[in-house]
Amino acid sequence: MAQPDRNSSRDNKRSNEPNFNWRGIVLIAIAFALIGMALLVRNGGYANIEDVPYNRFIELLDNKQIINDKNLPLTLVVQEGQPTQALIGYYRKQTAGVEQATKFRTTIFLNYNTNLQEKLAAAGIQPAIRTESNLVAQTVLGFLPIALFLLVLYFLFRQQIRMAGKGALNFGKSKARMLARDKNKITFRDVAGVEEAKDEVQELVEFLRDPKKFQKLGGRIPKGVLLVGPPGTGKTLLARAIAGEADVPFFSISGSDFVEMFVGVGASRVRDMFEQGKKSAPCIIFIDEIDAVGRHRGHGVGGGHDEREQTLNALLVEMDGFDTQEGVIIIAATNRPDVLDPALLRPGRFDRQITVNLPDVKGREEILRVHSKKVKLAEGVDLAVVARGTPGYSGAELANVINEAALLAARRNLKGVTLAELEEARDKVRWGKERRSLALSEKEKTNTAYHEAGHALLLELLEHTEPLHKVTIIPRGPSLGSTMWLPEEDKYTNRKNELLASLAVSMGGRVAEELVFGDVTNGARGDIKMATATARRMVCEWGMSEKLGMVEYGDHEDYVFLGRDISRARDYSEATAEEIDHEVRKLLDDAYTTAKRMLTANRDTLDTIAKALLEFETLDGAQIREIIEHGRMLNPPPGITPRDGEKKMEPEKPPKQVVVAPDVTPPLPGALGGAPA
């Protein structure tokens, strides 16, 4: 059955912001119209009468221009209690040689015009006398504009006053926005790449559809489900799909919406949120970024946050106090489960944690297919190729890849999105747009070319490396050049030989600069940082140091929780710290020695790759392998012509057999990556 409309209308009244106040504008217009009418009436209705001074009237009277007949009489208006009288009549007026009757009005001051009756009698005119007693009317007309103005102010601000009062009374009300069932069109068909997570939440959907199926066997559905995973993996989308599949109302609120600057508001909003949920049961309440309010109590720099902890306490009590038989299920999402309070994660509150991981190659292909339905793909585009080329990409990044490719194809006036646009969009999403406008000197270009050639050559020469995908000296993002590799399959572990080789490949850029120029630049900063981090984890976390053994040194976590980690003492001695530093240094020195031995033995190939990069700027893995095997490129990039003043690249010497040092250790681990220049 559909939920009553009153729930949706109540939610809309709470969540919608006030629209433009058309009622106030109409009231203002009416008020100005009434004031104008009041002023018109106040003038006695004489707006179209010519006001003639008294001396001019006497002149007209002497010249016999005043008309006095039955149709156009002269009227003397006597106003009681006023020191003035008025004569209203018509006089003959010459206009463009034509005589016409013009209505006039003359004000007579009784103190100064005492002989008017004699002058009128001499002219043979006997005016009609009309008496007006308008003292009350004049008083009313005098105060009417002020009264109208005050009335308009009242109607204009009455709604704002009401809303202000409502806001004060509803300040502790929940800000949860309800997505009605008829508006939630998202189902499991719109969620791809998280099949295991969908399987786990399927029983929630079945419970919401048919609660008696579980209740008759005595089973209890989980009160709360915590979705954990990296950003962009589809946690919020999965929660909306659950509500869409179950066809129930969906309340959505962010963890930061609970806490305000006023004490007690957060706890009040928690209570109100659960009350709303019970009234709309069965339903789903989704709390996004719950770590904003569910952070570990007692950890924090400078003491705890009382208001946040009160909100958390209210959430704990409410989750303990309601029964899932009422049909209210709490779903929360976070990418920082390590900072959540243990009381929030115990059974009876969030009974189940569902991990929403980054998609594998099959999941990435499914995600790309879902998002590509909205764009027009060219003939022959294989999304499996794109999926293989995007390891480590989240669902949000894959959606962005499709969108960027569509925009790029539109700018190129293409009829469909091709594989070239998808690949360029992939690189743009991960590393940024190409900065072709960056003005680099020939010296810097040459240095960048040799730096990237060192990385690329070692990727091909060393064993156990992932296939080289592309190397470029076009600036992209913060780097002046990049060397990118693609894994043949998704990798979740790395062998020691692969890690050692990755260190050697990281050293390739710095070694190439030293061999060719006899000097080094600061371009290897990113390589050194990455290599040092890998070596330290090999020693301290992964037990890959023969001297230090399989011991973890330090409590290593992916994220730092400042309140907990700032005062944490190191759990090993100073002597052990020195040994760790020595082992890390040894790994890096060995990698540097390996890279130098390999590049020295293949110096000619290094020069050829660097010259090819200077000529063509971007080379793919197959072209690098051609240079290594044949000494030159058999299939250079199409549509590229040598720059002015340069000849097409030819080998300076006959092809030389590649020399591989016998004790070389293997290369970079999985995931599409790049070594910045």
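Here are Arg568, Arg564: which of them is modelled with pLDDT under 90, more than 26 Å from Glu513 (Cβ to Cβ), in a loop (DSSP other than H, G, I, E, B) and under 43 Å from the mean Cα position of the chain (by Cα)?
None of the others qualify; the one that does is Arg568.
Quick check: anything in region 380-392 over 21 Å from Trp485 (Cα atoms) and either without any contact (Cβ under 8 Å) to a residue 40 or more places away in the chain or basic (Lys, Arg) (or both)?
Checked region 380-392: at least one residue is over 21 Å from Trp485 (Cα atoms) and either without any contact (Cβ under 8 Å) to a residue 40 or more places away in the chain or basic (Lys, Arg) (or both).
If you check Val511 against the conditions, is it touching a Leu at 6+ places or on another chain (Cβ under 8 Å) and either open to solvent by less than 70 Å² (accessible area, probe 1.4 Å) or assigned to a helix (DSSP H, G or I) (or both)?
When the stated conditions are applied, Val511 passes them.
Hey, any hits in region 493-503 for a residue that's open to solvent by 40 Å² or more (accessible area, probe 1.4 Å), hydroxyl-bearing (Ser, Thr, Tyr), in a helix (DSSP H, G or I) and at pLDDT 90 or above?
So far as region 493-503 goes, no, none of its residues is open to solvent by 40 Å² or more (accessible area, probe 1.4 Å), hydroxyl-bearing (Ser, Thr, Tyr), in a helix (DSSP H, G or I) and at pLDDT 90 or above.
Test each condition in (1) farther than 29 Å from Ser394 by Cα; (2) open to solvent by 30 Å² or more (accessible area, probe 1.4 Å); (3) more than 24 Å from the chain's Cα centre (by Cα) for Phe274 and report the one that comes out false.
Phe274 satisfies every listed condition except (2).
Would it be correct to say that Arg369 is modelled with pLDDT of 90 or more and crowded, with 20+ Cβ neighbours inside 10 Å?
No: the conditions fail for Arg369.
Being in a helix (DSSP H, G or I), farther than 17 Å from Thr472 by Cα and open to solvent by 30 Å² or more (accessible area, probe 1.4 Å) is the filter here, so list the residues in region 588-641 that pass it.
Hits for region 588-641 are Asp589, Asp590, Tyr592, Thr593, Lys596, Arg597, Thr600, Ala601, Arg603, Asp604, Glu629, His630.
Just need a number here: residues in region 318-339 that are at pLDDT 85 or above and either under 15 Å from Met273 (Cα atoms) or out of contact with any strand residue (DSSP E or B) (no Cβ under 7 Å at 6 or more places or on another chain) (or both).
Here the count works out to 5.
As an exercise: evaluate Lys415 against (1) in a helix (DSSP H, G or I); (2) more than 21 Å from the chain's Cα centre (by Cα); (3) over 21 Å from Pro230 (Cβ atoms); (4) not aromatic (Phe, Trp, Tyr) and give the number of the one condition it does not meet.
(1)
Could you please let me know if Ala96 is at pLDDT below 75 and on the phi > 0 side of the Ramachandran plot?
It is true that Ala96 is at pLDDT below 75 and on the phi > 0 side of the Ramachandran plot.
Quick check on region 607-627. Is at least one of its residues within 21 Å of Ala524 (Cα to Cα) and over 44 Å from the mean Cα position of the chain (by Cα)?
Yes - at least one qualifying residue is present in region 607-627.
Can you find even one residue in region 533-556 that is at pLDDT below 90 and assigned to a helix (DSSP H, G or I)?
Checked against the condition, which is being at pLDDT below 90 and assigned to a helix (DSSP H, G or I), region 533-556 yields no hits at all.
Among the helices (runs of 4 or more DSSP H) confined wholly to region 338-397, which include 1 or more residues that are closer than 16 Å to Asp490 by Cα?
361-372, 383-388
Those residues that are open to solvent by 30 Å² or more (accessible area, probe 1.4 Å) and among the small types (Gly, Ala, Ser), I need them from region 407-431; list them, please.
Ala410, Ala420
For Gly142, state whether it is among the small types (Gly, Ala, Ser), part of a helix (DSSP H, G or I) and either at pLDDT 60 or above or surrounded by 13 or more Cβ atoms within 10 Å (Cβ to Cβ) (or both).
yes
Could you list, ordered by first residue, the pairs with Cβ atoms under 7 Å in which the first is in region 625-644 and on the phi > 0 side of the Ramachandran plot and the second is at pLDDT below 75 and among the basic types (Lys, Arg), at least 6 apart or interchain?
What qualifies is Gly631/Lys656.
Those residues that are touching a strand residue (DSSP E or B) at 6+ places or on another chain (Cβ under 7 Å) and either open to solvent by 50 Å² or more (accessible area, probe 1.4 Å) or over 22 Å from Leu368 (Cα atoms) (or both), I need them from region 229-251; list them, please.
Passing the criteria: Thr236, Arg240, Ala243, Val248, Pro249, Phe250, Phe251.
Only one of these conditions is not met by Val471: (1) at pLDDT 85 or above; (2) open to solvent by 30 Å² or more (accessible area, probe 1.4 Å); (3) assigned to a strand (DSSP E or B). Which number is it?
(2)
Tally the residues that are of a type in the set (D, E, K, R) and under 19 Å from Leu459 (Cβ atoms), restricting the search to region 567-625.
Summing the residues that are of a type in the set (D, E, K, R) and under 19 Å from Leu459 (Cβ atoms) in region 567-625 gives 10.
List the number of the failed condition for Ala453; all other conditions in (1) within 24 Å of Ala622 (Cα to Cα); (2) assigned to a loop (DSSP other than H, G, I, E, B); (3) not hydroxyl-bearing (Ser, Thr, Tyr) hold.
(2)
The values are calculated or read from the model by the stated rules, or taken from the named source; none is laboratory data. Computed from a predicted model, the values in this text were never measured in an experiment. Note that we place each Cβ from the backbone using ideal geometry, even for glycine, and neighbour counts take in every protein chain shown. Accessible surface is based on the protein model in full, side chains and every heavy atom, while ligands, DNA and RNA are left aside. Shrake-Rupley method; radii C 1.70, N 1.55, O 1.52, S 1.80 Å.
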